[in-house]
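Let me begin by presenting the structure, written as structure tokens, before commenting on it.
Just so you know, all these numbers are worked out from the coordinates, no wet-lab data involved. Everything quoted here is computed from the prediction, not taken from an experiment. So basically every Cβ, Gly included, is an ideal-geometry build from the backbone, and we count neighbours across all protein chains shown.
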Amino acid sequence: MAMRPTALALAGIIASAAALALLAGFATTQSPLSSFYATGEAQAVKEPIDVVSKLDTNIDPAAGAQGSKDMGYFNVTARDQVDVVKIKVTLANAEQLKPYFDYLQIVLKSVAGDVQEIKAVISIDKPSAVIILDNEDFDDNGNAKIEAKAYYEAKEGMLFDSLPLIFNIQVLSVS
């Protein structure tokens with residue numbers, strides 16, 4: 001039995017609409033709803049943890065200068081019965097920063113009392129890292145403080161006053 005061209009076209013339209021609906025549903029469920037961009041002070045409240053960013057997101061070196069800058073910190077506050085938190089930190093605008101720096105690295109370290117532990121190093125060449133926080137990183141009140149310090153060398157001849165660093169902090173898992 002041969003299908004008429006009209007019926008074939010109608011079947012194609014229905015199949016296309018179904019595929020588009022499936023794609024929209026997949027994109028919605030795969031969205032990073034548990035992440036936020038830190039462009040200064042930002043806060044994302046999510047049960048069973050809170051993430052509060054107090055990151056200074058500007059670097060203002062002279063052309064050819066090298067140095068370091070304390071970038072501030074972000075806090076992770078765990079609720080009851082949370083033992084391990086996995087967070088992904090990304091320098092979201094790394095590609096835009098590459099033309100301005102010979103190198104740019106941000107060291108992320110956990111500060112718990114007098115104990116400091118480097119958790120990750122991100123850079124313009126490797127802009128993402130996963131940080132795992134456990135009981136050693138949280139204080140008695142359930143707070144883990146992650147400090148950020150940038151080390152950089154600006155390219156010769158670059159003329160700029162200030163460059164923004166945009167961080168994306170995504171909560172991957174809580175257990």
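Values computed for the structure shown
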| item | result |
| --- | --- |
| Student exercise, the stretch 99-175 dipole from Lys, Arg, Asp, Glu Cβ charges, in Debye to nearest 20 | 260 |
| Reachable lysines from Lys155, criterion Cα separation under 25 angstrom, eight or more residues apart if same chain | Lys69, Lys98, Lys126 |
| Local net charge near Lys98, Cβ-Cβ under 11 Å (Lys/Arg +1, Asp/Glu -1) | -2 |
| Paramagnetic reach from Glu156 in the stretch 95-116 [backbone N under 15 Å; point 7 Å along Cα→Cβ] | 101-103 |
| All-pairs Cα distance distribution in the stretch 36-175, expressed in whole percent, bin size 10 Å | 12, 44, 29, 12, 3, 0 |
| Separation in nanometres of the label points that stand 7 Å from Cα toward Cβ, at Val111 and Gln81 | 3.3 |
| Charge dipole (debye, nearest 20) of the stretch 59-155; +1 at Cβ of Lys and Arg, -1 at Cβ of Asp and Glu | 460 |
